[in-house]
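Student: The structure is given below, and queries will be raised subsequently.
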Amino acid sequence: MSLIDLIGSKARIEIIRELSREPQYVSQLAETVGMDGKTAVHHLSKLEEAGLVAYYERGNRKYYYLAKTVELRAAPPPERTFVLQTGERRDDPTAGRSVTDD
């Protein structure tokens, strides 16, 4: 699946937007973006397969976070620029977190 196809879904764009703010667990994320948990898990699995999101466990919850940066730039004529790219994160959202913390 291409990057365009992957984020061509409004739901996945909303998930990416929310995860760009902070890591979230599934039910929290589902409520924030207005979908049921099963749908959120489906979209998260697609994003995870593509390497855009990852998770860490804290207690009995999986917290999802953006594993890569996602950038979309578009400019009107005369530039007519359209760039959609991903890059490596510079920070580690799991640093300093214990798997058993709650």
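Student: GLU14 - would you say it is within 25 Å of GLN85 (Cβ to Cβ) and touching a Phe, Trp or Tyr at 6+ places or on another chain (Cβ under 8 Å)? Don't jump to the end; show me each part of the working.
Tutor: Numbers: within 25 Å of GLN85 (Cβ to Cβ): yes; touching a Phe, Trp or Tyr at 6+ places or on another chain (Cβ under 8 Å): no.
No: the conditions fail for GLU14.
Student: Hey, could you check segment 45-57 for residues that are open to solvent by less than 50 Å² (accessible area, probe 1.4 Å) and of a type in the set (Ser, Thr, Tyr) and say which is nearest to ARG73 (Cα to Cα)? Explain how you work it out, then say what you get.
Tutor: So in segment 45-57, the residues open to solvent by less than 50 Å² (accessible area, probe 1.4 Å) come out as 45, 47, 51-54, 56.
From what is left, the residues that are of a type in the set (Ser, Thr, Tyr) are 45, 56.
Values: SER45: 25, TYR56: 30 Å.
Among them, the one singled out is SER45.
Student: Still on this structure: Just the residues that are in contact with a Phe, Trp or Tyr (Cβ under 6 Å, 6 or more places away or on another chain), at pLDDT 90 or above and among the hydrophobic types (A, V, I, L, M, F, W, C), please, taken from segment 45-100.
Tutor: Within segment 45-100, VAL53 is the sole residue that qualifies.
Student: Please specify each residue of segment 72-86 satisfying the condition of being free of Cβ contacts under 8 Å to residues at least 12 places away in the same chain, in contact with a strand residue (DSSP E or B) (Cβ under 7 Å, 6 or more places away or on another chain) and open to solvent by 70 Å² or more (accessible area, probe 1.4 Å).
Tutor: Matches in segment 72-86: ARG73, ALA74, PHE82.
Student: Can you tell me which of LEU29, LEU47 is aliphatic (A, V, I, L, M) and under 20 Å from GLY87 (Cα atoms)?
Tutor: Numbers: LEU29 fails: under 20 Å from GLY87 (Cα atoms).
It is LEU47.
Student: Going by the conditions given, is VAL53 in contact with a Leu (Cβ under 8 Å, 6 or more places away or on another chain) and in contact (Cβ under 8 Å) with a residue 40 or more places away in the chain? Before the answer, list the steps.
Tutor: Numbers: in contact with a Leu (Cβ under 8 Å, 6 or more places away or on another chain): yes; in contact (Cβ under 8 Å) with a residue 40 or more places away in the chain: no.
Criteria not met by VAL53.
Student: So, in segment 59-71, how many residues would count as being open to solvent by 70 Å² or more (accessible area, probe 1.4 Å) and touching a residue at least 24 places away in the same chain (Cβ under 8 Å)?
Tutor: 2
Student: Pick from segment 8-31 the residues that are open to solvent by 70 Å² or more (accessible area, probe 1.4 Å) and of a type in the set (Ser, Thr, Tyr): which of them is nearest to LYS62 (Cα to Cα)?
Tutor: Per the stated criteria, the residue is SER27.
Student: Which one is modelled with the lowest pLDDT among residues in segment 1-44 that are under 23 Å from ARG73 (Cβ atoms) and among the β-branched types (Val, Ile, Thr)? Break it down into steps so the answer makes sense when it comes.
Tutor: Initially, segment 1-44 is screened for residues under 23 Å from ARG73 (Cβ atoms), giving 1-21.
Still in the running and among the β-branched types (Val, Ile, Thr): 4, 7, 13, 15-16.
Values: ILE4: 68, ILE7: 71, ILE13: 88, ILE15: 92, ILE16: 90.
That would be ILE4.
The values are calculated or read from the model by the stated rules, or taken from the named source; none is laboratory data. Every value quoted in this text rests on a predicted model; they were computed, and no experiment measured them. No Cβ is skipped: glycine too gets one built from the backbone with ideal geometry, and neighbour counts run over all protein chains shown. Ligands, DNA and RNA are excluded from the accessible area calculation, which covers all protein heavy atoms including side chains. Shrake-Rupley method; radii C 1.70, N 1.55, O 1.52, S 1.80 Å.
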